[in-house]
Amino acid sequence: MYKKTYLWLIITLVVTFLFLSPNLKSNFLNWDDPVYITTNQLIKDTSFSGVKKIFSTNEVVGTYSPLVLLSWSIDYKISQLNPFTFHLFNILYHLAVVALVFYLALLLSKRVEVAFIASLLFGIHPMHVETVGWISARKDLIYSLFFFGALIIYHFYLESKNKRSSRRLYLTCLCLFCLSLLSKGTAVMLPFVLLLMDYLKKRKNIKNILVEKIPFFLLSLLFVYIAIIGQASEGAIDNAINMTTVNSISVGFYGYIIYLIKAIIPFNLSGYHPYPDMIGEQLPWYFYVSATPVIALFIVTIIKARTKRFLGFGIMFFFITLVPVIQVLPFGTAVIAERYTYLPYFGLFLLFAIWIVRAIDAYRKFEKPIWILLSSCIIMLGIRSFQYSKTYNNSEVFWSNVIDKYPDDHLAYLNRGNFRTYQQHYKEAINDFNKGIELNPSDFSLLYNRGLAYSNIGEPVKAVKDYSESMILNPKYASNYLNRGIVFSNIKNYDQAIKDFSNTIVLSPENYKAYYNRAIAFKSKKMYDQAIDDLSKVIELEKIRPLALTTRGEILMLLGKKEQALNDFNLAVNLNPKGATTYVKRGLLHLGENKFQLARRDFETAISIDNTLIEAFINLGVIVMNNQEFNKAMDYFNTAQKLNPQNHIVYYNRGLLQLLLKNYTLAIEEFNKSLKIKPDFASASKDRAYTIKLLEAL
């Protein structure tokens, strides 16, 4: 019996893994993954203090999920930001949940066939692909893992006849509930599901039932408060505040009916289902009529609940566990989300599995056709999940799928445009931003991001125009001023750049990028004291310290404060031993003090780190040329020339080398090349004239 049970479980897990395996080839998405994972410093520290910080941080993206952050931290510890590891663990967590679903269904139904059907549907259903394929959706995986674990333990608690054992099981269930809450706040519905378990088991002592749930309800209230505070801090509630009560309730009923339909026919699958853009206006008619079938189903369930307890348990499990995310309570901005069905669908799949097995028991002559039909449906669902999983491979296909389903949603164009900008496909990104602006001209972020794209393709006028228009829509968005300031710096309009960087600092006083870029603008205007002050602020903020120290050292060197400059360079090297530019700048300082060996060592270190640094090759050439290592000098100059054929200094130094070798004709040719690039280069003109005289004297 046990071997047969394990065989069915293994089949379930293997089939689930195969149908969801495309997710192993997926990357991170630009939809919450950056803030949760790729740029989240919390997950990059697995020390005791790092773990403590994870649990003491109030919320990330409006949610308090420290156990999920800890799981990502483990992934990061294993392979840094390798997406394969993150996706592998998502699948493993899902398989663990599927195994618990199998076990719970077996305990409740006492039929391995029911457990097999329910868990297999749970494992391969297309509506569950989002939870597995999107790394940021791991919250649903882990909270469900502990949620189902708590239900299994509670089942044994109800079956226990030993008081000591019962107490231990009760406390274990409570602990698992805490872990579930620490994974996602929607676990608050567990006490109600425990009451459903009591109903299913026909418990009669109402007083004991309610008293033993008090600790569970108190924990739920605490985490409801935490969730509301977190969501409000992220603005997730704002979109629902202006809705009428009727509209808000209608959205809830729409969610229930659409989730019920998609459990049977998983159509219009998308990682994002945008809210109807009708805040303050009447919702589409189908939102309002959704209440009728949902209420009818609820009434029928209540009527039948006394005699058909599995019907009551399955339907009410679905209804109850969806309450926190059904949009009657204003959490989130999407009208529906497929990941919200992850745990609730257990009730429906359990009920369906029981019906199928009972039908087989009642109509034995149709057993084979029923299994064939069921297998065909499962295979079709699995193939759909296999194909749908591929839409989570990267942000391009993810948002293209959303656009295919919702071609009038500006947010999809914004996010696909952002990904295309990241991929340096700027023209395609601009096309997306153009479409987004056409759909929603009031979204400042579309103009801002199009400005970024224009900046990257060298169209500063258009970039400045977009940043300026974005500022009108949102004058408090600091990045608008920062990036417009960078554009002004690039076109050498330093006065306007300094104004924009200053405005950035007013809006964001600890924006180290604004201080650093303003320092560069001050440096370009030879306002060295102001530049040093800004760079000192960057260093104080403990951001990009090696770069700030190197730049400050460069300015101190210009001011003749060589000892202070050397201190900055040395500190920068200590902080970042791989900072090639710092070695170049320190090498120039040593070269200026005729410390040729120290200079040579720094330049050689620089090119060992980065063999594209022209300045290092040129100065190495100068040093070895002065040491009369002429062949090596020519090699350095030739390498520099290959890196940048338009560098006039390279040709000038090659001219000097040919002059030392008394190859006067070749020297004149090199000086001519230098002057062709920079006609006003006085040193080249002077040395060419001198070389011509030498040649004429022969």
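The numbers here are math on the coordinates, done by the rules we state, and not lab data. These numbers were taken from a predicted model, which means no experiment stands behind them. Methodologically, a virtual Cβ is constructed for each residue, glycine included, from the backbone with ideal geometry; neighbour enumeration extends over all protein chains shown.
Points worth noting:
- For Lys110, a cut-off of 17 angstrom between C-alpha atoms picks up these lysines, skipping any fewer than 8 places away in its own chain: Lys3, Lys4, Lys201, Lys202, Lys308.
- Two-decimal Rg to Rh for segment 326-414 - Kirkwood Rh, Cα set: 1.13
- The overall shape of segment 40-126, judged from the alpha-carbon gyration tensor, is prolate: a/c is not under 1.5, and a/b is greater than b/c.
- When every Cα-Cα distance of the chain is counted in 10 angstrom steps from zero, the calculated P(r) takes the values 3, 11, 18, 20, 15, 11, 9, 6, 4, 2, 0, 0 percent.
- Long pairs among Lys523/Lys578; Lys53/Lys525; Lys25/Lys368, criterion Cα-Cα beyond 32 Å: Lys53/Lys525; Lys25/Lys368
- Cα gyration tensor category, rounded, prolate or oblate, for segment 561-601 with a/c compared to 1.5: oblate
- Rounded to 10°, Cα long-axis angle of helix 190-200 versus longest principal axis of the chain: 20
- Listed peptides 287-297, 550-560, 123-133 by packing density, highest first (mean Cβ within 10 Å): 123-133, 550-560, 287-297
- Angle of helix 545-558 to the longest C-alpha principal axis of the chain, folded into 0 to 90 degrees and rounded to 10: 20°.
- Anisotropy class of segment 449-498 from Cα gyration tensor, a/c 1.5 cut: oblate
- Mean Cβ neighbour count within 10 Å, used as a protection proxy, ranking 64-75, 383-394 highest first: 64-75, 383-394
- Our summary of shape: the Cα atoms of segment 537-645 have principal axis extents of 46, 25, 22 Å, ordered from largest down, in whole angstrom.
- Length-normalised contact order for the chain - Cα pairs under 8 Å, 6+ apart - percent: 9
- Nearest-ten-degree value, helix 630-643 long axis tilted from longest Cα axis of the chain: 50
- Amide hydrogen neighbours beyond the local backbone of Val60, cut-off 5 Å, H modeled: Ser65
- Candidate lysines - alpha carbon under 23 Å from Lys642, same-chain residues fewer than 8 apart omitted: Lys585, Lys632, Lys673, Lys676, Lys678
- Partners of Lys465 within straight-line reach, counting lysines whose Cα lies under 23 Å from its Cα and excluding those fewer than 8 residues away in the same chain: Lys427, Lys435, Lys476, Lys492, Lys499, Lys513.
- When each of the peptides 187-194, 671-678, 494-501 is scored by how many other beta carbons lie within 10 Å of its residues on average, the order from highest to lowest is 187-194, 494-501, 671-678.
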